[in-house]
Structure formats: C-alpha cells, structure tokens
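Written below as structure tokens is the structure these notes are about.
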Amino acid sequence: MKLKIMYISEMTRPIFPFTAIVGQEEMKLSLILNVIDPKIGGVLIMGDRGTGKSTTIRSLVDLLPEIIVVEDDLFNSDPEDYEGMSNFVREKLKKNEPLKTNKRTISMIDLPLSATEDRICGTIDLEKAFKEGVKKFEPGLLAQANRGILYVDEVNLLDDHLVDILLDSASSGWNKVEREGISIGHPARFILIGSGNPEEGELRPQLLDRFGLHAQIGTVENPRERVLIVEQRSEFDSSPDFFKKKYKEKQEILKNLLISARQRLNTVKINSNLRIRISQVCAKLHIDGLRGDIVINRAAKALACFERRNEVIKKDISRVISICLRHRLRKDPFEIIDSGEKVQETFHNIFMD
C-alpha cells in the first residue's frame, strides 16, 4: 500500500501558534536554533505524554522562511549551491540550459513509524531500467525533505536501521539508492527532529550522539501556567482562526527575526578564548569525538545572531551547552540522561576561572 505524504502546511488541521506556547523554553530554543542554522544537526526532544512536543514542533510551519528552488526539480535544489544540486540540475548546467526558479516555503515532512526503507529512501524502477535502459527513480521522503525538516514522532520506536539511514543522510547531506547494480543519488540535507517518551525506551548512545541537540521537557508544574494552557487550548479548539489572529503580530515579528538571523549567521564571530574553553569543557566531560565542540560553537553563534549580536558571549554558551552535551555524556547503561547539572557545573568551573 502506497502512503500519500502531504506537507503539513497543506493539511486542513489548524496549527497552534508557536508564540502562544507556554513554557518549554528549552524545546523552543532548540527548534529556533536549528531553523537559524540547519547544520547544527537537528534535535531530539524527549518528554512525558501530553507535554506539547508535537504541537510545538508542528507550530514551526508558520514561521519557516521561503527558499529559492529550481523549478521542476524533485529535490528542491538550490540554484546557487552546486554541491547541493541534484544530477538533474547539474545536467542542465552542463548543457548551458537556463535554470527556472521559484520560491517556496521550507517544507516539514512527517515520517510515519510504518514507513518502509523504500518509502524513506525512494525506489528504482528495475523493470524500466532493464528493459528500456532508463533509470526511473521514485523519490522518497528524504527527497521531499531536502532543504526542509523531517519530523519523526516517537523516534525511539522506529527500527534502528531506519534511524541509522536518517542520521547518515542528515550527516552526509546525500541519499544513495542501490538496487541490482543500479545506483542513484540525490541531495538530502534536512533538519531531523525526533520526539518521544523516555518511558518507552531511549535511542542507542551511538544514535543519540548524531543528534545535534537534546531537549528534555516535563509537565508544567506551575498551577497558573497549567490553567493558562488549558484556557488557550479551549479557545484555540473553539475558534482557531480567531485565536491565531491574536498572535499574528508576534508570529510575524518572530518569523522576520528568524529570516534576518539566517541571513546574518556567517557574520557572527566567536573569539579563540571562548572556543578553547568550550573544548576544555568537552575534554573534561570525556565527550567522545568532536561533534560536541562543533555543535556548541554553531548553537552559540545561532543564539547570538537570534539576539541581534555579532559576537558570541559567555551567556550564549551557558544557555546552549547543556542541550548540546547532555546526551553525549558517558553513563551507565541503566542511568538516565543527565538533566544538565553536570554539564553546567563543569562549564562554570572552566569559564569562571
């Protein structure tokens, strides 16, 4: 049975405004940073049921900026990025054919737990290839998600080999499909967002490390905030359009800020002293590899840019370091992920010298 995949923006269900979400600052910050700099590597959001994970993630749709894509290209290729172009576009360039372009909003694709490897990666029509010598490729979800967002709810319940495929593609920026000696590849650069309930199981440490950020969320405890959330949800369910109008101005302000931050990202600097201390923290915590160092630098720059500054300060690093490192800490098999205290303690010991 072939699943029909729709862009969330095309679905009929109303989308709750991102700026109306109460609390859950760590989750919102993680999502914002990834929109500003997709190279951060996505985010894994773990929390109890009913804490607004899916609602918050899907609310990003109304904030996503437009991108320029090559017309008629199945992979949303960027006409200015040769390395990220599909072979279809590259062939046009080799023939000196003009590239027609248009604008489209960054897409968010839902990946169902029932999706097969072929549905995710795409398939090759072997009969057509052998009989007619034509490589006909049926694009999968990775093709649709290129230069966009791929969202996997309950990612901890997804088969490990499928998670491996997603993380490898997100890391390399390329998807390769091979069948019976026939090979086809295409760009697959996307922000991978996963969510789940830790009570239903955690991802393997090797997979955890591949997510750029890790956000932990819990049920709101403050009674006033709980009442506000219930009232907002009731108002939204009663009249989604009226509720969204109340937040239209805030949504526009945040959307424009994200667009501006994306455009200015390459202008943000981080001095060598801060970079050295970041690496000292990672070394002190025995973080394997250099992904932790890289992600902290990127996340701190994205945060500085979001707050309209051209240089990273200690406060930026303090705010992002826990979500960058907590899932990379070495731990016993039965130990839950550190909530961030160990990371913050090490940060203060090194940065406050």
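For the range 201-226, filtered to residues that are surrounded by 16 or more Cβ atoms within 10 Å (Cβ to Cβ) and β-branched (Val, Ile, Thr), the residue that is nearest to Arg49 (Cα to Cα) is Ile217. Filtering the range 290-305 to residues that are among the hydrophobic types (A, V, I, L, M, F, W, C), in a helix (DSSP H, G or I) and under 16 Å from Asp209 (Cα atoms) leaves Ile294, Val295, Ile296, Ala299. One residue stands out in the range 267-276 among those that are in contact with a helix residue (DSSP H, G or I) (Cβ under 9 Å, 6 or more places away or on another chain) and surrounded by fewer than 19 Cβ atoms within 10 Å (Cβ to Cβ): the one that is farthest from Ile321 (Cα to Cα), namely Thr267.
Annotation: Pro198 fulfils all but one of (1) crowded, with 16+ Cβ neighbours inside 10 Å; (2) touching a strand residue (DSSP E or B) at 6+ places or on another chain (Cβ under 8 Å); the unmet one is (1).
What residue, of Val220, Val230, is hydrophobic (A, V, I, L, M, F, W, C) and at pLDDT 85 or above?
Val230
Any residue in the range 258-266 that is touching a Phe, Trp or Tyr at 6+ places or on another chain (Cβ under 6 Å), farther than 17 Å from Ala215 by Cα and touching a residue at least 24 places away in the same chain (Cβ under 8 Å)? Outline the logic, then answer.
The initial filter retains those residues of the range 258-266 that are touching a Phe, Trp or Tyr at 6+ places or on another chain (Cβ under 6 Å), namely 261.
If we keep only those that are farther than 17 Å from Ala215 by Cα too, we end up with 261.
Filter once more, keeping what is touching a residue at least 24 places away in the same chain (Cβ under 8 Å): 261.
Yes, the range 258-266 has at least one match.
Among the conditions (1) part of a helix (DSSP H, G or I); (2) in contact (Cβ under 8 Å) with a residue 24 or more places away in the chain; (3) crowded, with 16+ Cβ neighbours inside 10 Å, Ile287 misses just one, which is (1). In this structure, is Ile21 assigned by TED's automatic domain parsing to the domain that holds Gly173, free of Cβ contacts under 8 Å to residues at least 60 places away in the same chain and touching a helix residue (DSSP H, G or I) at 6+ places or on another chain (Cβ under 8 Å)? The answer is yes for Ile21.
Per-residue answers, yes or no, for (1) closer than 30 Å to Arg326 by Cα; (2) in a loop (DSSP other than H, G, I, E, B); (3) touching a Cys at 6+ places or on another chain (Cβ under 7 Å); (4) modelled with pLDDT under 85:
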position: Thr19; (1), (2), (3), (4): yes, no, no, no
position: Met46; (1), (2), (3), (4): yes, no, no, no
position: Ser77; (1), (2), (3), (4): no, yes, no, no
position: Glu83; (1), (2), (3), (4): no, yes, no, yes
position: Phe88; (1), (2), (3), (4): no, no, no, yes
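Does Ser86 qualify as being more than 22 Å from Arg319 (Cα to Cα), small (Gly, Ala, Ser) and touching a Phe, Trp or Tyr at 6+ places or on another chain (Cβ under 8 Å)? So Ser86 fits the description; yes.
Do you know which of the residues in the range 176-195 that are of a type outside the set (A, V, I, L, M, F, W, C) and at pLDDT 85 or above is farthest from Ile67 (Cα to Cα)? Only one residue tops the list, namely Ser195. Lys284 falls short on exactly one of the conditions (1) at pLDDT 95 or above; (2) more than 23 Å from the chain's Cα centre (by Cα); (3) of a type in the set (D, E, K, R), and that condition is (1).
When the range 165-181 is examined, which residues are found to be farther than 18 Å from Asp81 by Cβ and in contact with a Leu (Cβ under 7 Å, 6 or more places away or on another chain)?
So the first thing to find is which residues in the range 165-181 are farther than 18 Å from Asp81 by Cβ, and the list is 165-168, 176-181.
Residues satisfying the conditions are Leu166, Leu167, Arg179, Glu180.
On the basis of being out of contact with any strand residue (DSSP E or B) (no Cβ under 8 Å at 6 or more places or on another chain), modelled with pLDDT of 90 or more and not in a helix (DSSP H, G or I), does Arg309 make the cut? So Arg309 passes the test.
Just checking: which of the helices (runs of 4 or more DSSP H) contained wholly in the range 163-268 hold 2 or more residues that are of a type in the set (D, E, K, R) and not assigned by TED's automatic domain parsing to the domain that holds Glu138?
223-238, 240-246, 248-264
Here Ile276 passes the criteria (1) of a type in the set (Val, Ile, Thr); (2) in contact (Cβ under 8 Å) with a residue 24 or more places away in the chain; (3) more than 24 Å from Leu203 (Cα to Cα) except the one numbered (2). Counting the residues of the range 332-353 that are under 20 Å from Ile217 (Cβ atoms), among the β-branched types (Val, Ile, Thr) and at pLDDT 65 or above gives 1.
Taken as a whole, the structure leaves Glu200 outside the set of residues that are of a type outside the set (A, V, I, L, M, F, W, C) and at pLDDT below 75.
The values are calculated or read from the model by the stated rules, or taken from the named source; none is laboratory data. Source: prediction; values computed, not measured. For neighbour counting, all protein chains shown are included, and Cβ atoms are generated from backbone atoms with ideal geometry for every residue, glycine included.
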